[in-house]
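Enquirer: Quick one: the structure is below, questions incoming.
Every number here is computed from the coordinates shown, using simple stated rules; none is lab data. Remember, predicted model here, so these are calculated numbers, not experimental data. With ideal geometry, Cβ positions are generated from the backbone for all residues, glycine too; neighbour counts draw on all protein chains shown.
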Amino acid sequence: LHANQFTAACGVTIFRGNALPESFYGNSFTCEPTGNLVHRDILTPSGITFTSKPGREGIEFLATKDEWFRPVNLANGPDGALYVVDMYRAVIEHPQFVPDELKNRPDQMLGIDKGRIWRIVSKSATVESPAKIVAQEKVSSTAGTSDLVILLLHANTWQRDVARQLLVERREMEVEAQVRQILLSSKSPGTLAAAFSVLEGLGLHVDDHPDFAPATNARFSGDVESLLAIEELSSWDIVKIQVIAGTEPAQLCHRLLDRSADPDLVAQIAEAVGRKNQKDEIEGLIKESLDHALAHPWQSAYLLIGLSKGLPDHRAGIWKHIHNLDETAEHQFQRLVRLCLQADQQSHERVSAKYSLLGLSNDGGTLRMIVQISEGSNIFTELVTRTLAERPEPEAAVALVKLLPKLPTSLRNTAVSSLTDNSFEIHLLLDLVENGQLPALAVDQNIAKRLMAHADPVIKEKAVRLLKQAPPEDRVKVLAEYQSCLTLESDPLRGKQVFVKNCAQCHKVGDVGVDVAPDISDSRTKTPEYLLTNILDPNRAIDNNFFSYTVVDTNGVIHTGILASETGTSVTLKQPEGKTVSFGRADIEAMKNNGVSLMPVGLEKTVPPQDMADVISFIKNWRYLDGSVPKEVIR
């Protein structure tokens with residue numbers, strides 16, 4: 001239903017066998033029962049984590065046109081193969097989670113007796129059958145201890161894992177010499193990991209292995225000084241620092257202030273200090289960071305930003321601690337802000353840190369800087385918006401209100417949400433709606449409901465008057481006239497033709513149409529009544545990502561569409577038939593959110609009730625029209 005997305009991902013397994021090509025080892029496999037496929041991703045180490053890409057671009061590892069194929073789990077086998085558990089059902093959705101009209105469909109339980117398990121091996125693989133492996137008892141609870149130690153060398157991870165598990169469970173300490181010999185002789189990472197795991201499980205020391213160099217010992221210890229003495233910290237080292245920071249974050253922060261440490265690391269460790277919320281630790285760290293500000297301004301800046309993120313009250317929390325220090329602390333903080341603002345470095349990270357510091361600052365001068373920035377360049381609109389949203393001063397709210405009509409949808413939601421903290425801000429927001437500068441529908445429904453139930457009667461009355469969306473009288477009348485179509489006999493195949501003629505310019509269902517407007521193909525939980533209302537009254541409820549926008553370019557040409565993307569330098573609209581049009585900011589004379597859906601009102605003029613019944617049936621049943629389910633299911 002959703003290209004390049006999982007609907008019901010399950011059975012995620014890392015393949016560690018040896019019966020598929022060597023390049024498959026370490027790949028991730030994921031079942032998708034609703035899509036009748038098993039997906040493969042190649043994982044590539046990237047620091048402390050991994051990046052992934054499909055095993056074959058545009059081609060799934062295992063897929064079929066048999067819509068009863070329902071892979072739900074995977075496993076590595078004792079023979080090195082990959083095993084797939086296939087429920088094999090006509091319908092995979094549980095009756096509890098489907099629309100009422102589908103709960104009693106006649107094919108609901110078809111396939112209940114046909115589940116199966118697939119064994120997947122390479123054509124060129126020479127593997128023994130699982131039955132033969134069991135018969136030979138190569139690895140089992142009755143295998144000898146020496147045999148189990150030898151199996152730590154096995155090419156198949158399943159054999160190594162089970163051997164390791166049994167050796168640890170038996171607690172036979174005499175295996176130590178044999179296992180240590182494997183550590184000295186083997187070059188296989190899998191074997192070494194299994195052997196180390198056996199020794200660890202038996203409570204035996206492993207730190208005398210030659211691969212454990214002094215620097216590695218420091219990396220795995222909790223000795224902060226030894227760890228920080230390593231000249232070049234790898235991404236793994238950074239994670240180990242963060243692990244140590246779980247118990248001693250303040251101590252680490254003190255050390256990091258004297259180093260040219262990664263700024264993100266400084267901020268993350270400081271955030272851990274903030275989360276611990278220990279007064280003496282926090283204030284000691286603030287004092288030292290401010291004392292170091294002249295020598296290491298950016299280290300100090302990132303540390304304070306991280307602290308504020310970790311503290312329960314964020315900005316207010318850090319100022320509570322600054323005020324607890326001596327009277328010079330506030331002046332030192334403002335000096336740090338000025339130092340960073342005057343710095344020449346203009347990387348995006350440094351600019352972001354500048355705005356974050358401005359957001360923390362509590363003096364009028366820095367607030368005026370933010371307001372001036374908000375009235376100028378759009379390059380850092382997101383940073384400015386979020387900074388203003390975090391400031392409590394009335395001046396910040398006023399600046400945010402001026403900026404709000406020009407914001408893209410994602411930032412507009414942030415701004416609207418932040419303007420509901422007090423009566424002053426709420427009135428500013430509602431005035432914006434009343435003056436026509438902000439569509440009422442741009443106010444999130446949950447926020448609107450909260451304002452319409454506000455304890456202040458003045459705010460409540462104003463919110464109800466401006467935000468309550470009574471459907472237009474003509475839409476109420478048309479909906480009443482079309483209720484009869486919900487009881488008409490319908491034909492989804494005829495409905496497909498109605499869809500192609502009237503809807504496919506913007507909507508896509510299956511392989512029909514263009515993906516411009518909201519996705520309506522996943523209609524299983526949508527009732528016919530719901531679909532009828534949204535077709536005939538498209539402005540009843542609009543997803544904030546699908547408002548119609550109008551752009552007038554510098555040549556006077558008017559363009560209308562959905563806002564596909566917006567940056568500090570350009571705007572792109574998506575239009576019917578999948579067309580896109582892009583503008584540089586300098587080429588835009590005016591731009592406006594129209595406050596309505598791109599879908600036109602008045603479809604009843606070209607779609608009579610019978611056609612409406614048919615098109616609704618098509619939207620509800622399009623996936624069942626290929627004959628793979630009984631006709632009785634289609635309604």
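Enquirer: So how do I92, I14 line up by other beta-carbon neighbours within 10 Å, fewest first? Please report the intermediate quantities before stating the final value.
Expert: On the way: I92 18, I14 13.
Ascending Cβ contact count within 10 Å gives the list I14, I92.
Enquirer: Can you grab the distance from the C-alpha centre of region 399-422 to the C-alpha centre of region 444-498, Å, no decimals?
Expert: When both Cα centres are located, 25 Å separates them.
Enquirer: Rounded, prolate or oblate, given the Cα gyration tensor of region 381-534, with a/c below 1.5 counting as rounded?
Expert: Prolate shape, in that a/c is at least 1.5 and a/b is the bigger ratio.
Enquirer: Would you mind ranking F69, F196 so that the residue whose beta carbon has the fewest other beta carbons within 10 Å leads the list? If you can, show how the numbers build up before the last one.
Expert: Numbers: F69 22, F196 19.
Exposure proxy ranking, most exposed first: F196, F69.
Enquirer: Here is a follow-up. For region 479-627, what relative contact order do you get, as a whole percent, if you take Cα pairs closer than 8 Å and at least 6 residues apart?
Expert: Values: 249 pairs, mean separation 52.0, N = 149.
Relative CO of region 479-627 lands at 35 percent.
Enquirer: Another question about this same structure. Is region 503-635 rounded, prolate or oblate when judged by the Cα gyration tensor, a ≥ b ≥ c being the square roots of its eigenvalues, rounded requiring a/c under 1.5 and prolate requiring a/b larger than b/c? Display every interim value, and only then the final one.
Expert: Details: a/c = 2.89, a/b = 2.20, b/c = 1.31.
Prolate, because a/c is 1.5 or more and a/b exceeds b/c.
Enquirer: If you find the alpha carbon centre of region 1-78 and of region 531-603, how far apart are they in angstrom?
Expert: Here the answer is 38 Å between Cα centres.
Enquirer: What is region 10-127's relative contact order, in percent, from Cα pairs under 8 angstrom and six or more apart in sequence?
Expert: On the way: 242 pairs, mean separation 29.2, N = 118.
In percent, rounded to a whole number, it is 25.
Enquirer: Hey, another quick one. Test of understanding: express the Cα radius of gyration of region 137-201 as a ratio to 2.2 N^0.38 Å, with N the residue count. Don't skip to the end; give the middle numbers.
Expert: Numbers: Rg = 10.3 Å, N = 65, 2.2 N^0.38 = 10.7 Å.
For region 137-201, the normalised Cα radius of gyration is 0.96.
Enquirer: Among R335, R116, R40, which comes first, then next, by fewest other beta-carbon atoms within 10 Å?
Expert: R116, R335, R40
Enquirer: Report the gain in length on full extension from L202 to S188: 0.36 nm times residue separation, minus Cα-Cα distance, nm rounded to one decimal.
Expert: Numbers: separation 14, 0.36 × 14 = 5.04 nm, distance 2.14 nm.
Between L202 and S188, full extension yields 2.9 nm more.
Enquirer: From the Cα gyration tensor of region 10-127, with a ≥ b ≥ c the square roots of its eigenvalues, which class applies: rounded if a/c is under 1.5, or else prolate if a/b is larger than b/c, or else oblate? List each step's numbers first, then the result.
Expert: Values: a/c = 2.67, a/b = 1.75, b/c = 1.53.
Prolate.
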